[in-house]
Structures are given as C-alpha cells and as structure tokens.
1. Using a/c under 1.5 as the rounded threshold, could you call the chain rounded, prolate or oblate? The axes a ≥ b ≥ c are square roots of the C-alpha gyration tensor eigenvalues, and prolate needs a/b larger than b/c, oblate otherwise.
2. Give me the mean projected area, in nm² to one decimal, of the convex hull enclosing the Cα positions of the stretch 61-166.
3. Under a plain spin-label model, where a point goes 7 Å from the Cα along Cα-to-Cβ, how far apart in nm are residue 53 and residue 133?
4. Is the stretch 276-431 rounded, prolate or oblate when judged by the Cα gyration tensor, a ≥ b ≥ c being the square roots of its eigenvalues, rounded requiring a/c under 1.5 and prolate requiring a/b larger than b/c?
5. Among bridges DSSP assigns within the stretch 165-266, what percent are antiparallel (round to 5)?
6. Among the listed pairs 129/290; 109/266; 121/388; 109/290, give every one whose C-alpha distance is greater than 30 Å.
7. Using a probe radius of 1.4 Å on heavy atoms only, what accessible surface per residue do you get for the chain? Whole Å² is fine.
8. How large is ³J(HN,Hα), in whole Hz, for each residue of the stretch 316-333 in order, when computed from phi with the Karplus curve 6.51 cos²θ - 1.76 cosθ + 1.60 and θ = phi - 60°, using x for Gly and Pro?
Amino acid sequence: MTSVAPPISPRAATGGPSAPNPWRMALHQLDGAARRLQLDPGIHARLANCQRELTVNFPVKMDDGSVRIFTGYRFHHSIARGPAKGGLRFAPYVNVDEVRALAMWMTWKCAIVGLPYGGAKGGVICDPKHLSLGELERLTRRFASELSPLVSPEKDIPAPDIGTDGRIMAWFMDTYSMNIGHSVPGVVTGNPVAIGGSEGRIEATGRGVALCTRWTVERLGIQLGDCTAVVQGFGNVGSVAARMLQEYGAKVVGVSDVGGGIYNPKGIDMRALRMYQQEHNGIAGFPGTKAVGNDALLELPCDVLVPAAVEGQIRADNAGRLQCKVLAEGANGPTTPDADVILRERGITVIPDVLCNAGGVIVSYFEWVQDLQQFFWAEDEVNERLRKILGRAFDALWERSDVADQPLRDAALDLAIQRVAEALTVRGLYP
Ligand code: NAD
C-alpha cells in the first residue's frame, strides 16, 4: 500500500538543528500500521491529514517600540475521540511539518493510554531566549487571542512543550479568561497550582519515563539498581526523568543540554546538577565531570539511554553505535524509522514515545478534570492514578507485543490507530 498523504510541504522541517522531516516519519509509521491492520483506505486517508491547520501571523510590540510579525500554528490532527490536546512549542525551528507530526503523535498517545482526547500541537517561530519577559508575555497573549477560534476547554486544551512553561500557560489562561469575562482554568493544562494547575504536573512526564523504564528493565530480568543511564536533554522531561531514575537506584553517568554533555562513569548527582544548572544557566563545567559532545553522548556505554530533547536524534547513521539495552523515548519522535529497524536487529528494546512520555498528558487530563469539577486532588493521589493508568497501558502493550511478536512501537501504533479508527467508524462520516 502506498501512502495516501498529501505532498510534503516544501518548507524544510528541521525538528531541531539537523533532524529528518518528522511528518514523513509520522506518515511512514501510519502507513506501516495501516498495512498491518488492513485499515480501510478512507480512514487511512483521513488519518494521514490534520483535520484543521490554523496559521497566524501576528504583530508584537517589541521593547524598542518597533512592531515585529511572528508566525504561529495550531493544528488539530483528529478530534474523533474528544477535544484536541497537545503542547505549544516556542522555538526558532518550529515549522508546519513538525507541528503536523507532533499533532498526529498526540492522537496516538491519547488513544494508547485511553484518554478521551484527540491530538493537537501548536507553536510560534521565535527564540524565547532572545525575547525580554515583556516581549514574551505580549507574544503569548496575542498568540492566545489569535487562537481563540480553536481553543476552549471543550474544543482544544494547549499545554507546555519546548520553550513554554507554567508562566506562559498562566498568561494564556488569563488572556482567554479576560476575553470571555470569567476565569477559565481548564482552557490550558500545565498551569501553576495557584490558578488551577495540578499537583504533580511538572514532574509527570519525567516520572512516566522513569516508571516505564523501571518496568521495562524488570521485564528484561534486570533491576534498575544495577543499571547505568544516559539522558539527552535536561529540561522539564530530561531533568525529572534523570532524577527519578537515580531515585529508583540507577546510576546516571551522562547528561546533556543544547550546549553539550557531561560524563562521569561513577555517576552524577542529579539534585546537585539541577541546582548548578539554575545558577550557571546550563550544565557545562559541572564539577567532577568530563565534557562530551551531544553526538558522542548518545553513544556512551550505558544500560538505559533516554533521549529527552528534540526529534530525529537517533538515525540510521548513529543507531548502529548505540550501546544501550533500553532506549526510553522521553522526547517525541527521537528515533527515525530506519534507525528503528537497526535497533530492532540489534536487540535494543525501544519504549516508544507515545507510551514513554505519556505521563504528561495523563496528568494534564487530571488537571482538566479537576478544573472542570473545581475539586482538587493531593499529589500522592495524582501520582498513584498516573501509575495505574500508565501501568495498565504498559501491560497492554507488552501483551500485544508478545502475542503478535512485534516491537513495542508497532504494538503501540496498531493499538492506537485501531482505537481511533473505531471511533471514526462508529461516528460515521458527516454529512
Ligand atoms: P524543555 O524546553 O524543558 O527542555 C528541552 C531540553 O533539551 C533542554 O535542556 C535543551 O537544552 C535540550 N536540547 C534542545 N536541543 C538539544 C539538542 N539538539 N541536543 C541536546 N539537548 C538539546 O522541553 P521539554 O518539555 O523537556 O521537552 C523535551 C521533549 O519532550 C520534547 O520532544 C517534547 O515534545 C517532549 N515532551 C514534553 C512533555 C512535557 O510535558 N513537557 C510531554 C511529552 C513530551
């Protein structure tokens, strides 16, 4: 079966400095699942496109009095299973193909863990590091207003992603609320707790990555306490995943951020590193460690490798040199399909992104539910419910993978696409 996707946008998709086109990766994965599932061609065609794609070009007053036009996006891949859900990315390399792919992956992720959501993604082409706080706030507020045709707690609920955080979600929520005349905390997730955010949301994605890693190594007959780990990316996801892996007993020997990596085969103290990062605005030069390049970091000897930065980091050209036993995908789309084949042949177990980093959207769902009910839960309740939902999805995927004798990624995609296809089928085709 050939792909039924539309032509790829001529605008190059980078997904980070040198990554392959993520939309091609996502379509390739969909095509593979469609073949295995013998998916109805009409449903395949619907899933190979984003249902809605809103592009906005909007003005922002800069601190020097000039006006600059920024471009932003909000795409809905599918809303067959519920309101659209997905992050907002503020980065210079944001582009349509990246947003499309990330929206599609959100559809699969929500279906795998059984959340009543469709998939969305959005972003603004900008470099938050080169904007003042005032510029960032004005950009966020104007972008939030521009997205008003799409977002609401019933229609589309944005969340943080690369370059965005609770502060940006708070400005987004405040702008929406000001325009509508009353407070609507449930219009975003990842809000600060003071205005309707959930306990445990900041740590949720990294916590999920660490849980999936622990369950996986146990299934392989290894204890996490006997494992070494390397983590690429030390932001929201990577820093929490690394800290929790260390708390579960793993020795974290290598870590990197966009500025490069650090390595110590005896282990690196994650709490001390986080404090150092806040003081020094990066992790380079952390005492007792050796500098290592980002490419070399991925190839360090370790039991568990956690890519938690951007897409397309593990490709055909480096997959053969990875030395890990388990690849736990904290980032979205860190592994290209051709690298997947190499990892499979080499017997490396890949915990696919759509399961491994689903802890974030699970606790986002809890946040939305709490906001709608105005009834808030304690952190241990949030964490316990997260463990249950993620654990159930994890067990179901391993079972499917065992029964069908297929890698976890294929099992995950098949399960998700089957669920979304079922929703499309029972809803029927309007009109
Ligand atoms: P973040 O902005 O908090 O952190 C990103 C980190 O990656 C930073 O440390 C940055 O320096 C580093 N980085 C960027 N480019 C790099 C490169 N080329 N090499 C090495 N390091 C690099 O972002 P985040 O929220 O932690 O998101 C990281 C990944 O996890 C993304 O793929 C995102 O889509 C995914 N994700 C995030 C969440 C969430 O809840 N935040 C949920 C699911 C998936």
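1. Verdict is rounded for the chain.
2. Quarter of the Cα hull surface area: 6.6 nm².
3. 3.8 nm
4. It is oblate, given that a/c is not under 1.5 and a/b is not larger than b/c.
5. Beta bridges within the stretch 165-266, antiparallel portion: roughly 45 percent.
6. 109/266; 109/290
7. So the chain comes to 40 Å² accessible per residue, rounded to a whole number.
8. Each residue's phi maps through the Karplus curve to give 4, 7, 10, 4, x, 9, 5, 10, 7, 9, 10, 10, 9, 7, x, 6, 8, x Hz.
The values are calculated or read from the model by the stated rules, or taken from the named source; none is laboratory data. Small disclaimer: the values here were computed from a predicted structure and weren't measured. No Cβ is skipped: glycine too gets one built from the backbone with ideal geometry, and neighbour counts run over all protein chains shown. Ligands, DNA and RNA are stripped out before the accessible areas are found, and what is left, the full protein with its side chains, is counted by its heavy atoms. Shrake-Rupley method; radii C 1.70, N 1.55, O 1.52, S 1.80 Å.
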